[in-house]
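The values are calculated or read from the model by the stated rules, or taken from the named source; none is laboratory data. All values reported here derive from a predicted model rather than from experimental measurement. Here the Cβ positions follow ideal geometry from the backbone for every residue, glycine too, while neighbour counts run over all protein chains shown.
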Amino acid sequence: MPQFNILNSSHCIAPATVIRGEHAWQEGMHLVGSICRKPIMVGRSNATSLLRKNIFNDLERLELRPISAELDHDCCEVDLQRLHSIALSKRCDGVVAAGGGKVLDAGKLLAHRLGVPCITVPLSASTCAGWTALANVYSPEGAFHHDEVLNSCPELIIFDHGFVRQAPARTLASGIADALAKWYEASISSGSSSDGLIQQAVQMARVLRDQLLIDGPTALRNQDDPAWARVAEACALTAGLVGGIGGARCRTVAAHAVHNGLTQLQGCHQMLHGEKVGYGILVQLRLEEIIGGHQLAGQARRQLLPFLKELDLPINLEDLGLAKASLAELQEVCRFACREGSDIHHLPFPVSAGGLLEALVAAGDIGSTSSERSQNRQKHNDLSEII
Ligand SMILES: [Zn+2]
């Protein structure tokens, strides 16, 4: 027996086939017919209805017999059970999910429960949900409930740049924050792992972060710049790959736990997933600084603030729509984020709801100690220093 056993791990690393590029749908749609003949097509918003209609018509032209189904809410049990009945009664043999993260999660989970393959067509770069073998389940009102690990990644992902360009810029900024979290969460949960695959996933998260810091602002300013494709694919594809290679131990920590807590409040339901996760990164860094005693975390937080601000991402409770939130509501966020089994407990130090409340309120503060100020004066706005 070797002295250093690695516990057995199972990974769903990636979709079986990835088609990406300017006209990826045109190039890849014929593959849908090799996977299923009668897919249920899942979508939601009015903003994507024309795009989804075109996709539906293309599938019919390929002599498939798609069934169209609309979600009424985020990925929630009420919708899932309704669509499950429709898919069974129509004898659907696959799922095509076209939309943002919650639509993609609903499509994957529906396919998982039906035991049929899933094809994802992301219509924004707001999350890596089109890639992963995970789905978040929410209440019909949008409060996070739990996540479910699926048997596999989607069979096929078609990431069509032309489709994704039509999404509002805000979705890309949100995707950047969500993908940035990969580094901040993986490095704290798995940075000292002795498992080579996890070490490599953490380094990939660091490279991903660097690319987003360098290219993110350009991508948001100009969709025609090559930086746009790099950033959109980093958010929607690479972020999923990091989670796939790193596995469960390399995934979410406090930033996503804070997101899950924030979704409990009606006041920030209009905020996108990554917008809440981005604030969650600031909260996590504050926790690492104050409770964990990591000086560098404080520096990293103060350096991340101007980047998030430049991307118009929330950096305080007011930006999150919680200016009028009561103390009781903020306590509810913290209780939920600190509930038993929450990913926040993957931090290498204990966090109570009271400790989290302090960090939640102060995450956007610029203040620093005088010694840090003198050390950091030269570096403060240098994004390359965010480590
Ligand atoms: Zn996320």
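Overview of values
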read-out	value
Selection from the range 242-253 of residues that are touching a Ser or Thr at 6+ places or on another chain (Cβ under 9 Å) and away from the ligand (no atom under 11 Å from the Cβ)	244, 246, 247, 248, 249, 250, 253
Residue count, the range 283-310 (criterion: within 14 Å of residue 176 (Cα to Cα) and either of a type in the set (Phe, Trp, Tyr) or within 16 Å of the ligand (Cβ to nearest atom) (or both))	2
Filter pass, residue 288 being crowded, with 21+ Cβ neighbours inside 10 Å, over 30 Å from residue 168 (Cβ atoms), modelled with pLDDT of 95 or more and not hydrophobic (A, V, I, L, M, F, W, C)	yes
Residue that is surrounded by the fewest Cβ atoms within 10 Å (Cβ to Cβ), among those in the range 226-240 that are under 18 Å from residue 150 (Cβ atoms) and touching a Ser or Thr at 6+ places or on another chain (Cβ under 9 Å)	240
Single residue of the range 91-132 satisfying the filter (in contact (Cβ under 8 Å) with a residue 60 or more places away in the chain and surrounded by fewer than 23 Cβ atoms within 10 Å (Cβ to Cβ)) that is farthest from the ligand (Cβ to nearest atom)	116
Residue 224 under 23 Å from residue 304 (Cβ atoms) and either at pLDDT 95 or above or assigned to a helix (DSSP H, G or I) (or both)	no
Any chance residue 282 is surrounded by 21 or more Cβ atoms within 10 Å (Cβ to Cβ), at pLDDT 95 or above and within 29 Å of residue 196 (Cα to Cα)	yes
Elements of type helices (runs of 4 or more DSSP H) contained in the range 229-329, each with 2 or more residues being touching a Leu at 6+ places or on another chain (Cβ under 7 Å) and among the small types (Gly, Ala, Ser)	295-310
Qualifying residue in the range 190-207 (condition: of a type outside the set (Asp, Glu) and farther than 25 Å from residue 8 by Cβ)	yes
